[in-house]
Structure formats: C-alpha cells, structure tokens
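Quick notes on the structure that follows.
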Amino acid sequence: MLRWASEQLLELQPEEIGEHYGRYRLHVPEAERAMMKSLERYGQLSPVVVCRRNDRYELIDGFKRLGAVRRLAQIDHLSARLMEADERTGKAAIYGLNRAGGRTRELEEAWIIHALVREDGMSQVEVAELLGRHKSWVCRRLALIERLGAKARDALRVGLLSPTAARQIVRLPQGNQGEVLDAVRREALSGAELAAVVDLWLGCGDRSQQQYILAHPRQALSQAKGTIPAGRDPRLSEAGNHVWKRVGLLLECWAAWKSGWRIMAAPGSPRKTARFWRPVLRGSRATRPRWRR
C-alpha cells in the first residue's frame, strides 16, 4: 500500500533528485531516446515518484524521464509526488508502480528481490508477503539473478547486456559466461544467434569444440545447420580439411540440383524453363557446346 506524504506535487530540479534506487532498474538506451522524443513533443504527462532518504529526494519511479530531462535544455524541472517509504518499502514500491503500469521486467523483479533478501536480510516468505506474491515466485526470481556471474551482472546494470541476452546467458555455468559475453561483443551476435550458440555450446561435451564455437560462432552455426562448410576447420588435419572442402562442393552441387528440380516441378512453371532444366539435370548432351571444325 503506497502512502503519499502529500497530495500536492513538488517541482524539483533534476540535480535535486538522486538515483540511489536506479541500480534496481535496467538501463535501456533505446527507451530513454524514445522518452526524450516524447518529452520534447508532449512535455511531462505524469509526475515522477520520489521519497526522502538522508535529507535528499530519491527517485522511486520515473528513471527514463529523469535521464531524458537531464539531456534536454528546454526542460529544467520535473513534477514529482512524494511518498513515505523506508528502504524495504521503497524497493517494494518500485516493483508495485512498474507492475501497475505494465512495464515490469522479469530481471528487474529479480534485482529487487535479490536486494530485499541479500541486502535487507528478509526471508523469502517475508518478501512474498511484502510484494503480494507466492514464495515460489520469489524463489524463481532470486535464482534467476543469482545464476548470473559478476561480469554479466555488471554488463546488465549498465546496459551493455540486454535482458533478452541475459536470459540466454543464465543458461550457462557461471565460469563460462564471461567467455560467451566476449564472443557476443566481438562478433556482434543478435539475440537469435546467441540463443543458437548457447544451444550448440551446451550440446558439446568436448572442450575443444566449445572453444571453436566461441572463436567462430557463425561458422559453427552454419556447420550445425548442414549448410556449406567453412573453408578450414581448426579441429581437422590438412587432409581432413581437404576432404571437408570437397564435401562442401558436393553439397553446393546437390543444393543446385534440388533447386533446379523444384523450379521445374513448380505449378505454373513455363514450358521453356522445363525444357531448359530437364537436359541439364539429366546430364544430356544437348546442353554441351558443339564446336565446329
């Protein structure tokens, strides 16, 4: 239950508002840029929520608005509502206000629960009662954030790791998350590519194969899908790579052959197309050039 200190709104300068609770929210640069455009066009439509902590106003809700205003010269203050809250109820309010607005994120919930349990010393049952959720829900959220290694947590806090990518990273052992993060940044892998790489990595029992996947993720994915093999596989000898290259050529020829038959057999395919492809696919001499003496 939120307790408002007053019904009157405060007019606060951006520098008057602290972000002590900002560590429990995920930094999403795209969302902040969208908020800047909204503030430029429409102004502030709803007040931010603050509380008093150590003789300073601390932000509870409205982090994107505050970040956007600090970059906009034409807006020099924010309307704010003051609520009464201590450490625990302040964190619970972050969850409640975002849940009411439909903007809550699974990982943000996990940050808040982790803070209530590990920083404030609350039991999981107490956290469940405070947030109005079941104990099993609290346990799942806590496990989610604690499966992330320190490097992944830091990247998530500052926006270098997206929530979508973090959901894939938590599937890995903590000791291997760092090297996968390095591969994601180096190769600029998309969310779908990262999910496929994690699936492939978890399916490999051999360490050398896992290292190859991280060193050449896209090539490894192509090989796993059965498409054209890479030019050279470091796991193979020179003779093995020579054979591997020939296999790639055979696969190319096989793919072209199948494609030709599909074109010829497609409904509505012109007769000229069929007359051209039929001798090609059957290896007829009609397609060979005839030289005049």
Restricted to region 58-96 and to residues being among the hydroxyl-bearing types (Ser, Thr, Tyr) and within 32 Å of the chain's Cα centre (by Cα), the residue nearest to Leu130 (Cα to Cα) is Thr89
Just to be sure, is Ala110 buried (at least 19 other Cβ atoms within 10 Å of the Cβ), over 30 Å from Lys225 (Cβ atoms) and out of contact with any strand residue (DSSP E or B) (no Cβ under 9 Å at 6 or more places or on another chain)?
yes
Could you name every one of the helices (runs of 4 or more DSSP H) located completely within region 124-217 that has at least 2 residues being of a type in the set (Ser, Thr, Tyr)?
207-215
Where the second residue is part of a loop (DSSP other than H, G, I, E, B) and the first is over 26 Å from Ala152 (Cα atoms) and lies in region 26-46, which pairs have Cβ atoms under 7 Å and are six or more apart or on separate chains?
Met36/Arg71; Met36/Leu72; Leu39/Leu72; Leu39/Ile75; Glu40/Leu72
Can you confirm whether region 100-120 contains a residue that is small (Gly, Ala, Ser), in a helix (DSSP H, G or I) and at pLDDT below 90?
yes
Only one of Arg71, Arg25 is farther than 14 Å from Ala93 by Cβ and not polar (S, T, N, Q), namely Arg71
Go through (1) farther than 18 Å from Arg99 by Cα; (2) exposed (fewer than 14 other Cβ atoms within 10 Å of the Cβ) for Ser46 and report which single condition fails.
(1)
Of the residues in region 1-25 that are among the aliphatic types (A, V, I, L, M) and either touching a residue at least 60 places away in the same chain (Cβ under 8 Å) or surrounded by 16 or more Cβ atoms within 10 Å (Cβ to Cβ) (or both), the one that is farthest from Leu130 (Cα to Cα) is Leu12
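The values are calculated or read from the model by the stated rules, or taken from the named source; none is laboratory data. None of the values given here were measured: they were computed from a predicted structure. Using ideal geometry, Cβ is built from the backbone for each residue, glycine included, and neighbour counts are taken over all protein chains shown.
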